[in-house]
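Notes follow once the structure below has been shown.
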Amino acid sequence: DDINQQLAILSIDLDRLRSDQQQVHSAMQLSRALETVQGISTSVRELSHRLHPSKLQLIGLVAALDNLRRDLSPPHLSIAFSHRNVPAQIDQNIALCVFRVAQEALVNAIKHSDAGHVWVDLVGGPSSIALTITDDGKGFDLNGLPNGGLGLISMRERVESVGGVLE
């Protein structure tokens with residue numbers, strides 16, 4: 001949405017610039033258009049990093065989740081992270097899936113739970129990996145979620161795409 005809004009503003013500014021005959025006014029519009037382009041560039045770069053975190057490939061799933069926990073921790077909320085028996089080598093699709101589900105769940109907990117504490121636990125098994133995220137917040141009614149809980153639907157689809165189950 002942010003990128004689309006910036007593109008709409010840029011389009012309007014460039015259209016005005018094209019039809020404007022006043023030099024001074026054109027220079028101001030050009031400056032605004034350039035600022036908008038720089039904003040779009042920053043937004044796309046940030047979006048790219050959020051869509052495919054290079055940290056995940058460089059430092060692995062455990063360290064990437066710990067960094068995510070640190071990056072997302074607001075002052076009013078304690079986020080704890082524990083892990084055990086997590087294999088050093090995890091299929092990149094599964095690692096990305098686990099990272100994205102954790103990211104979505106943590107953002108939801110921060111925004112909506114009114115929790116004081118969130119716990120993230122990652123456990124590896126002989127042929128599986130399990131991510132559990134719990135909090136001490138107010139909870140929610142699955143049937144009462146707007147749009148059917150698009151975040152949950154997205155997490156479920158992501159997990160199922162790698163052969164997993166979301167509970």
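Screening region 53-164 for helices (runs of 4 or more DSSP H) wholly inside it with 3 or more residues that are touching a helix residue (DSSP H, G or I) at 6+ places or on another chain (Cβ under 9 Å) and exposed (fewer than 15 other Cβ atoms within 10 Å of the Cβ) returns the ranges 54-59, 92-112, 150-161.
Sub-8 Å Cβ pairs linking a first residue in region 92-109 that is among the β-branched types (Val, Ile, Thr) to a second residue that is part of a helix (DSSP H, G or I), at least 6 apart or interchain, are Val98/Leu61; Val98/Leu65; Val101/Met155; Val101/Arg158; Val101/Val159; Val107/Leu72, ordered by first then second residue. Among all positions in region 30-40, there is no residue which is at pLDDT below 95, under 15 Å from the mean Cα position of the chain (by Cα) and open to solvent by 40 Å² or more (accessible area, probe 1.4 Å).
Just to verify a result, which residue in region 85-128, among those that are hydroxyl-bearing (Ser, Thr, Tyr) and over 19 Å from the mean Cα position of the chain (by Cα), is farthest from Leu142 (Cα to Cα)? I'd like the intermediate steps shown before the answer.
Initial filter on region 85-128 (hydroxyl-bearing (Ser, Thr, Tyr)): 113, 127-128.
From the residues that got through so far, the ones that are over 19 Å from the mean Cα position of the chain (by Cα) too are 127-128.
Values: Ser127: 30, Ser128: 27 Å.
My answer is Ser127.
Go through His112, His49 for me and flag whichever is under 30 Å from Ile9 (Cα atoms) and at pLDDT below 90.
Numbers: His112 fails: under 30 Å from Ile9 (Cα atoms).
His49 is the lone residue from the list that is under 30 Å from Ile9 (Cα atoms) and at pLDDT below 90.
The values are calculated or read from the model by the stated rules, or taken from the named source; none is laboratory data. Note that the structure is predicted; figures quoted are calculated from it, not measured. Neighbour counts run over all protein chains shown; Cβ positions are idealised from the backbone, glycine included. Accessible surface is based on the protein model in full, side chains and every heavy atom, while ligands, DNA and RNA are left aside. Shrake-Rupley method; radii C 1.70, N 1.55, O 1.52, S 1.80 Å.
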